[in-house]
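Peer 1: Sharing a structure here in structure tokens format.
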């Protein structure tokens, strides 16, 4: 029985290892003058899964520490009026960490834009 349980444990670890290895840290910096809420949505094992909403104060940075590889939809809401979506778009997540700036969109007052931030030192 002990050998069987050890085999199951090894098989489970082998199956889960690729899932955890294919994740990246995805950071968002708030370069607007108001608080924002960021929420990522991913397709995981055939199910749409929403990440925890991240509240970001102006000038601060927050992150999803292990976002699975794939296409993620990013929704950004005005922190003062959560029903107001100021950005909605997709990002491609791989094995490398990503960092983005959420900044006001110069063309539309009530919109924001998501710009990649270079992570090189």
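Peer 1: Can you tell me the length gained on complete extension of the stretch residue 110 to residue 52, counting 0.36 nm per residue apart and subtracting the Cα distance? Working shown, then result.
Peer 2: Working: separation 58, 0.36 × 58 = 20.88 nm, distance 2.36 nm.
Roughly 18.5 nm would be gained on extension.
Peer 1: Could you please state, rounded to a whole Å, how far the C-alpha centre of region 63-116 is from the C-alpha centre of region 26-56?
Peer 2: With region 63-116 and region 26-56 each reduced to a Cα centre, they are spaced 7 Å.
Peer 1: Could you tell me the convex hull volume per residue, in Å³, taken over the Cα atoms of region 56-121?
Peer 2: Values: hull volume 7.4 nm³, N = 66.
Considering the Cα atoms of region 56-121, their hull volume per residue is 113 Å³.
Peer 1: Treating region 20-77 as a set of equal point scatterers at the Cα positions, no solvent, please give the Debye-formula log₁₀ I(q)/I(0) at q = 0.16, 0.19, 0.20, 0.21 Å⁻¹.
Peer 2: -0.50, -0.67, -0.72, -0.78
Just so you know, all these numbers are worked out from the coordinates, no wet-lab data involved. This is a predicted model, so every value here is computed, not measured.
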